[in-house]
Amino acid sequence: MIKHLLIAFVPLLLLLALPFALKPEQPPKITGADAEKLVIISPHSESIRFEFERAFKIHYREKFGRDIEFEWRNVGGTADIIRYVNDRFEATFREWWQAQDGFEPWSLEISKAYKSDKGGKPRELFLKSTGGIGIDLMFGGGQYDHSKQAELGIAVDAGLLRSHPEWFKPEVIPQQFSGEIMYDPQGRYYGACLATFGICYNIDRIAELNTAPPQRWEDLSRPVFYQNIALADPTKAGSITKCFEMLIQEQMQKTGDNLDQGWANAVNLIKVISANARYFTDSASKVPKDVASANAAAGMCIDFYGRSEAEWGAERNGGVERIVFVSPEHGTSLSADPIHVLRGAPNRRAAVEFIAFVLSEDGQKLWNYRLNTPGGPVKYVMRRLPIRRDMYTPENTRYMADAKANPYEETSGFIYNPKLTGRYFSFIRVVVKCFALDPMPELQAAWRAILDAGGPEKVPQAMAKFNELPFSYSELAQIQKELSQSREQGALAMLKLQREWSEACRAQYRAAAQLAKEGK
Amino acid sequence: MKLKPMRMLVLSLLAVFFFIFLIMPIYSVVKNGLNPEVLAECFRNPIYLEGLLNSLKIALVTTVIVFAIALPPALVYDRYEFAGKKLVNTLMLIPMILPPFVGALGFMQIFGHFGVINTMLVGCGLPRVDWLGGEGRFWMVCIIEALHLYPILYLNILTALANVDPAMNEAARNLGAGRWRRFTKITLPMIRPGIFAGGTLILIWSFTELGTPLMFGYNRVTTVQIFNGITELETNPLPYALVIVLLAAAAGLYAVSRLLLGQSNTVAMTKGMAGSSAKKLKSWRALAAFAPFAVVSLAAGLPHIALVLTAFTKDWYSSILPREFTLMHFENALSHHMVTGSIVNSLKYSLLAMIICLIVGVTVAIVVTRWRPRGYQLFDTLSMMPLAIPGIIMAFGFLSMTVNFPFLRTYLDPIKNPLVLLGMAYAIRRLPYVTRAACAGLEQTPVDLEEAAHNLGASSWTTMRRVVIPLISANIAVGALFAFSFSMLEVSDSLILAHKEEFYPITKAIFELAGILGPGAWIACAFGVWTMAFLACTLAAANAILGKKMGSLFRF
């Protein structure tokens, strides 16, 4: 029996002992028992958290002679964080409201009112409140998400525009670049690093498909890519919606004054790319991984995902790259990845200092410096691009992992015109959902039938049906208004409207497939 | 019937447990969808109706495949002795230890465009097949789910078969009944509780499974529609209404299964009387008996083999086997600062969950099969309900509950310490396994034995302790093993409820490691393999401890 138990337990104990034996010796703690605490909620990965925590602890001790501890809160991706933060703020404000004498009972109306600028007393009280949720900072996520938090009154002015005016100049951090917002003019959020969007492709798969490497968004619509494109779901990530917006802008700028035609070309291009897609994944990082493993030939992704995957692939393949990331020329904007202080931050002073550190030269070096370079990271290379323009100088780029990258130059050819699509940003999501995501099987069946019939030129009627749109660009304002009205009427009206569009698209794709099969 | 005060107290405690840890979290989330008009919208939209129909198709096909996979080996195991029997039986449990996130990596290495199977096809001069996409997605989803879920049915059938009195088969044979007749007239009716226990779990699990269709991009199924809706940036009440529809449909499926399989009026009263009648096989017959186990285990174990190889490989691309091996990923994973803490945390959460599952699950089983007070079916349904709710909904529900109810936040705040909350969350999700296993055990245990104990003057508690529990201990052990190992691999609750690194369980640590750019997936894979080995050793150690008890059931 003892022998039996030993045979069973010895491997278990050995396995358990292994991680403990391999656990590296902890460096002497640089923080003392009386250390301050900084609470940060973030979708950033372990690499970013590790490097910024390490560097800021040293900076804090050097500057203030005091220690600081970090508490990272991780509740999921950006959408989960926003939902969590907003729920907690609502609970905190509701509890405060209910504790006040003479206040009317808490209701759905009050819940709506405190979030809206037209919300009267509840809004006024919320904006005056200093009650927080025990979190100091939100670090990471898209500019859209941070701007929404600022509108709600959850992101508050950190005061850096006044304390560090030298950073907020066009030659250091422009307020806008190519129409994109790099920091909030009221100081409620600040871009910490940059992201561009582009195409990643697998060299072997491109060779196998016997086609040229994709260089522009349009290239992803080639018939040869049917079922070979990896896409992320724009309804999940504001950053990917931004990507689609860039594609729309690029197409609309090509047709000059004929905006209706530009819009139609763009939406139909999205439809064909979606028809070529293998899936719309909820995880944007899956796209370059699938391309690297050759399960997709190409995909749309954020620059640092593509570059990191390319580097890792080359490392495994004796220095030869398998995946390449390209920024479509005149087809991508520059997005900021911001940071903000939360209302009622328990350690506001340290939170502001952390933002200042991230925006300082020392902080900016961490984003792209190689390992063991002066001021660079010590464990992980991040491959993110610094937001400060003055970082792209020879004395810095010689230490950078992406030494040749200068996003301000690369994307300068692209002129983002916010008037064209800015107000329709959320609406783009609805368009992709109703035209491509919901009716995806029918969309793909129609495209397959068109391709089987010899391509769009051979079956013009089918292609015309495929390309039909329920509304033109000139009608967008009215449609947007209807959508807003339906939203105000309640979720149901909006759902009904979306169902009608999806159903119309499904019927249209079925008809297009039928026409293609008939050779028309 | 008037309930005794003690039973009243137990029922009240059960009701409170279900109210706080099941009803409240679900209500916290689905209240947004509790609108008749929004509910009606689910049925007006053909895309959602189609989703529901596809979910049903997946559930039915998967269950049929699982029966085809699990029943023959279980029968062979019960009837024959052959060389390597213990080993193949253990190998049949492989799917129970597949770690999350990185499991997909294993599938990609096998079924990917440049994966093992396609490389072999190209080697044979055949074209590559798009296993992960294209038209065959539906079947791939069903097959992969079946290969993951069959141990539940296999173990339940084995448990039931072990308690079929061989004398009954013997008697039938003496009366001239053939093999098929004995199987359909004696064995099948007698193992019905086991078939019901395992079959309903699989039917409902596959009906509400999210991960597999999501991995294959087979999106027009209800769970994926719920997931996509709930993770949208815009607020949308429809996914919450879809949860209610899914719950109702799952309850309907359960009711139909109960009607077809769950009536136990002819259940064999054999527990405690069965003996082994396995026939010894030699030469080619032993090999033939070995074959179904080998085929099923190999098919189910392919992703595991791929995972292990991936964790040790530097590069594996367009080749049948990896080209270069390394220990780098293990070194990076196991030396990471968050790993040791996560192991200790996972053990704490999972053990707590297992204990809660055992207490609540066995109590529910006794209420349902023995006490049968008015409305006892409600407890049965409540204990099965967690199976019908996507993990992410439950996780959001627990979070939302602690945010919105200050009195619960005081005791269950995940930021201060998520031990109790995660333990309860894991437990509620794993409760169906323990309840069903205990119910099956009790249904096969003759009430006469308990009556005899009472007649001899034993109190209810003594009868329970000395007669009932020992007789169903093997069933309980099976349920507990499922509860423990699936808790160790639980994803949704771990990701949503463990907010601080000091409280991360293993799955959250794997997720975090996977997020490291570049080699992250490989590092996570190495830690996943460690987890797999740890679970395998735990199951083996449990087998060693429970040796005789489990042996009498599984004949390990």
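The values are calculated or read from the model by the stated rules, or taken from the named source; none is laboratory data. From a predicted model like this one, the values you see are computed outputs, not experimental measurements. Heads up, the Cβs are rebuilt from the backbone with ideal geometry, glycines too, and the neighbour counts pull from every protein chain shown.
Among the residues of the range B:108-122, write down those that are part of a helix (DSSP H, G or I) and within 18 Å of B:Phe312 (Cβ to Cβ). Once the filter is applied, which keeps residues that are part of a helix (DSSP H, G or I) and within 18 Å of B:Phe312 (Cβ to Cβ), the range B:108-122 yields B:Met108, B:Gln109, B:Ile110, B:Val116. No other residue among B:Gly252, B:Gly199 is more than 30 Å from A:Val432 (Cα to Cα), at pLDDT 85 or above and either buried (at least 22 other Cβ atoms within 10 Å of the Cβ) or charged (D, E, K, R) (or both) apart from B:Gly199. Scan the range A:299-311 and give yes if some residue there is surrounded by fewer than 24 Cβ atoms within 10 Å (Cβ to Cβ) and out of contact with any Leu (no Cβ under 8 Å at 6 or more places or on another chain), otherwise no. Yes. Scanning the range A:51-79 for residues being buried (at least 19 other Cβ atoms within 10 Å of the Cβ), within 14 Å of another protein chain (Cβ to nearest Cβ) and either assigned to a helix (DSSP H, G or I) or acidic (Asp, Glu) (or both) gives a total of 3. Is it the case that A:Glu475 is in a loop (DSSP other than H, G, I, E, B), over 26 Å from B:Leu238 (Cα atoms) and either at pLDDT 90 or above or among the acidic types (Asp, Glu) (or both)? Answer is no for this residue.
For the criterion of being free of Cβ contacts under 8 Å to residues at least 60 places away in the same chain and more than 14 Å from chain B (Cβ to nearest Cβ), A:Ala464 passes.
Residues of the range A:271-295 that are more than 8 Å from every other protein chain (Cβ to nearest Cβ) and more than 20 Å from B:Ile523 (Cα to Cα): A:Lys271, A:Val272, A:Ile273, A:Ser274, A:Ala275, A:Asn276, A:Ala277. For the range A:422-441, the condition of being away from chain B (no Cβ under 14 Å), outside any helix (DSSP H, G or I) and under 30 Å from A:Val172 (Cβ atoms) holds for none of the residues.
Just wondering, is there one or more residues in the range A:491-498 that are out of contact with any helix residue (DSSP H, G or I) (no Cβ under 6 Å at 6 or more places or on another chain) and within 27 Å of B:Ala40 (Cα to Cα)? Looking through the range A:491-498, at least one residue is out of contact with any helix residue (DSSP H, G or I) (no Cβ under 6 Å at 6 or more places or on another chain) and within 27 Å of B:Ala40 (Cα to Cα). Can you name the residue in the range B:148-184 that is closer than 16 Å to B:Leu71 by Cα and charged (D, E, K, R) and, of all such residues, is surrounded by the most Cβ atoms within 10 Å (Cβ to Cβ)? That would be B:Arg182. Specify which of the listed residues (A:Leu137, A:Leu108) is out of contact with any Gly (no Cβ under 7 Å at 6 or more places or on another chain) and farther than 16 Å from A:Arg343 by Cβ. Residue meeting the stated conditions: A:Leu108. For the range A:221-255, the tally of residues that are at pLDDT below 90 and facing chain B (nearest Cβ under 10 Å) stands at 7.
Taking the range B:1-96 and the helices (runs of 4 or more DSSP H) fully enclosed by it, the elements with 3 or more residues that are under 30 Å from A:Tyr84 (Cβ atoms) are at B:5-18, B:24-30, B:36-44, B:46-79.
Matching residues to (1) among the polar types (S, T, N, Q); (2) out of contact with any His (no Cβ under 9 Å at 6 or more places or on another chain); (3) under 17 Å from B:Trp205 (Cα atoms):
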site	(1), (2), (3)
B:Asn45	yes, yes, no
B:Phe67	no, yes, yes
B:Leu71	no, yes, no
B:Ala74	no, yes, no
B:Ala83	no, yes, no
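A:Ile203 fails exactly one of the following numbered conditions: (1) within 14 Å of another protein chain (Cβ to nearest Cβ); (2) buried (at least 22 other Cβ atoms within 10 Å of the Cβ). What is the number of that condition? A:Ile203 satisfies every listed condition except (2).
Looking only at residues in the range B:389-415 that are away from chain A (no Cβ under 12 Å) and surrounded by fewer than 22 Cβ atoms within 10 Å (Cβ to Cβ), the one that is farthest from B:Thr208 (Cα to Cα) is B:Thr410. For the range B:448-476, enumerate the residues that are within 23 Å of B:Thr435 (Cβ to Cβ) and of a type in the set (D, E, K, R). Listed by number, the residues that qualify are B:Glu450, B:Arg465, B:Arg466. Considering only the range A:41-88, how many residues are at pLDDT below 90, out of contact with any helix residue (DSSP H, G or I) (no Cβ under 9 Å at 6 or more places or on another chain) and within 17 Å of B:Tyr504 (Cβ to Cβ)? Selection size over the range A:41-88: 1. Taken together, the residues in the range B:490-501 that are surrounded by fewer than 24 Cβ atoms within 10 Å (Cβ to Cβ) and more than 9 Å from chain A (Cβ to nearest Cβ) amount to 2.
Among residues of the range A:495-514 that are under 15 Å from A:Gln461 (Cα atoms), those with a Cβ under 7 angstrom from a residue that is of a type in the set (Asp, Glu) and outside any helix (DSSP H, G or I), sequence gap 6+ or separate chain, pair up as A:Gln508/A:Glu468. If the condition is being in contact (Cβ under 8 Å) with a residue 40 or more places away in the chain and farther than 24 Å from A:Asp303 by Cβ, then the range A:408-425 contributes A:Arg423, A:Tyr424.
Of the conditions (1) more than 26 Å from the chain's Cα centre (by Cα); (2) at pLDDT 85 or above; (3) over 22 Å from A:Glu500 (Cα atoms), B:Tyr27 clears all except one; give me its number. Answer for B:Tyr27: the failing condition is (1). In the set B:Asn174, B:Asn156, B:Asn163, B:Asn118, only one residue is closer than 30 Å to A:Arg448 by Cα and of a type outside the set (A, V, I, L, M, F, W, C); that residue is B:Asn118. Tally the residues that are facing another protein chain (nearest Cβ under 9 Å) and within 23 Å of the chain's Cα centre (by Cα), restricting the search to the range A:311-327. The qualifying residues number 2. Among strands (runs of 3 or more DSSP E) entirely within the range A:261-354, having at least 3 residues that are closer than 22 Å to A:Leu220 by Cα singles out A:277-281, A:298-302, A:323-326.
Filtering the range B:117-138 to residues that are in contact (Cβ under 8 Å) with a residue 60 or more places away in the chain and under 22 Å from A:Phe280 (Cβ atoms) leaves B:Leu132, B:Gly133, B:Arg137, B:Phe138. Whenever a residue of the range B:494-523 is within 24 Å of B:Ile415 (Cβ to Cβ), its partners that are at pLDDT 85 or above and among the β-branched types (Val, Ile, Thr), lying with C-beta atoms within less than 7 angstrom and at least six residues away or across chains, give the pairs B:Ser494/B:Thr507; B:Ile506/B:Ile343; B:Ile506/B:Thr531; B:Ala509/B:Val339; B:Leu513/B:Ile523. Taking the criterion of being crowded, with 23+ Cβ neighbours inside 10 Å and not small (Gly, Ala, Ser), the residues of the range A:247-266 that qualify are A:Leu247, A:Ile248, A:Gln249, A:Glu250, A:Trp263. Just one of the listed residues (B:Ser350, B:Ser319) is polar (S, T, N, Q), at pLDDT 90 or above and not in a helix (DSSP H, G or I), namely B:Ser319. Applying the criterion of being of a type in the set (Ser, Thr, Tyr) and out of contact with any Ser or Thr (no Cβ under 9 Å at 6 or more places or on another chain) to the residues of the range B:331-361, the residue that is nearest to A:Pro24 (Cα to Cα) is B:Ser335.
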